[in-house]
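> Sharing a structure, written as structure tokens. Questions coming.
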Amino acid sequence: MEYSHHMIVRQEHLNQYGNLFGGRVLAVIDELAFIACARTWPGRNFVTRAVQDAEFTAPAHLGDVLEFRFGVQTVGNTSVTVRVKMLICDSHTGAASRSFDGAVVMVCVDDEGRPMSIQQ
Ligand SMILES: CC(C)(COP(=O)(O)OP(=O)(O)OC[C@H]1O[C@@H](n2cnc3c(N)ncnc32)[C@H](O)[C@@H]1OP(=O)(O)O)[C@@H](O)C(=O)NCCC(=O)NCCS
């Protein structure tokens, strides 16, 4: 993975069960996918087309440190697939365990919002 991002789970990120709200994770990975595209192809516009294979495998809790590892996985004509993994870092041991894995498909668009070739 080319990039990483860290965040701490705060009160405002929790659902009614006291776990990290999945929608918050989806918002973060959407932004990270855009960042991966913007860093790789500066000056281009990208919008989100799809989220694929999104799997929540272990809950995160208040105070957990989260590490997101992400990067461009595949490049098509107009689309880019960005893989994102989220790990929970144990604050005592430093060990990281898997919590989320998924991919975001971004599409390069022109000024009118129409798909355009990334290599153009
Ligand atoms: C993104 C958008 C411009 C693409 O237009 P479109 O007519 O759907 O484009 P296409 O069907 O030609 O697909 C464009 C690319 O996405 C890929 N794609 C489309 N649907 C996909 C899906 N469900 N999963 C994976 N890839 C997909 C196509 O294979 C194509 O890739 P390629 O050019 O690399 O081969 C249009 O769908 C759109 O405006 N969507 C809303 C975007 C939005 O508001 N996002 C949220 C805020 S950023």
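> Could you please give the count of residues in the stretch 41-62 that are part of a strand (DSSP E or B) and either crowded, with 16+ Cβ neighbours inside 10 Å or not aliphatic (A, V, I, L, M) (or both)?
Going through the stretch 41-62 one residue at a time, the tally reaches 9.
> Restricting the stretch 72-95 to residues that are of a type outside the set (A, V, I, L, M) and either at positive phi or part of a strand (DSSP E or B) (or both), which is farthest from the ligand (Cβ to nearest atom)?
Per the criteria, the residue is Gly94.
> Just one of (1) surrounded by 13 or more Cβ atoms within 10 Å (Cβ to Cβ); (2) within 16 Å of Phe100 (Cα to Cα); (3) in contact (Cβ under 8 Å) with a residue 12 or more places away in the chain trips up Phe21, so point out which.
(3)
> For the stretch 18-43, name all the residues that are out of contact with any helix residue (DSSP H, G or I) (no Cβ under 7 Å at 6 or more places or on another chain) and of a type in the set (Lys, Arg).
Within the stretch 18-43, just Arg39 meets the criteria.
> For residues that are within 12 Å of the ligand (Cβ to nearest atom) and polar (S, T, N, Q), scanning just the stretch 9-50, find the one that is nearest to the chain's Cα centre (by Cα).
It comes out as Thr48.
> Considering every residue within the stretch 35-56, establish whether at least one is within 14 Å of His6 (Cα to Cα) and in contact with a Ser or Thr (Cβ under 9 Å, 6 or more places away or on another chain).
Within the stretch 35-56, none of the residues are within 14 Å of His6 (Cα to Cα) and in contact with a Ser or Thr (Cβ under 9 Å, 6 or more places away or on another chain).
> If Asp53 meets every condition in (1) within 16 Å of the ligand (Cβ to nearest atom); (2) on the phi < 0 side of the Ramachandran plot apart from one, which number is that one?
Unmet for Asp53, out of (1) within 16 Å of the ligand (Cβ to nearest atom); (2) on the phi < 0 side of the Ramachandran plot: (2).
> Residues in the stretch 96-120 that are part of a strand (DSSP E or B), at pLDDT below 95 and either of a type in the set (S, T, N, Q) or more than 30 Å from Thr57 (Cα to Cα) (or both): how many?
0
> Follow-up. Would you mind telling me which numbered condition in (1) over 16 Å from the mean Cα position of the chain (by Cα); (2) modelled with pLDDT under 95; (3) aliphatic (A, V, I, L, M) Met1 fails?
(1)
The values are calculated or read from the model by the stated rules, or taken from the named source; none is laboratory data. Quick caveat, the model's predicted, so the values are computed rather than measured. As a convention, Cβ positions derive from the backbone with ideal geometry for all residues, glycine included, and neighbour counts pool all protein chains shown.
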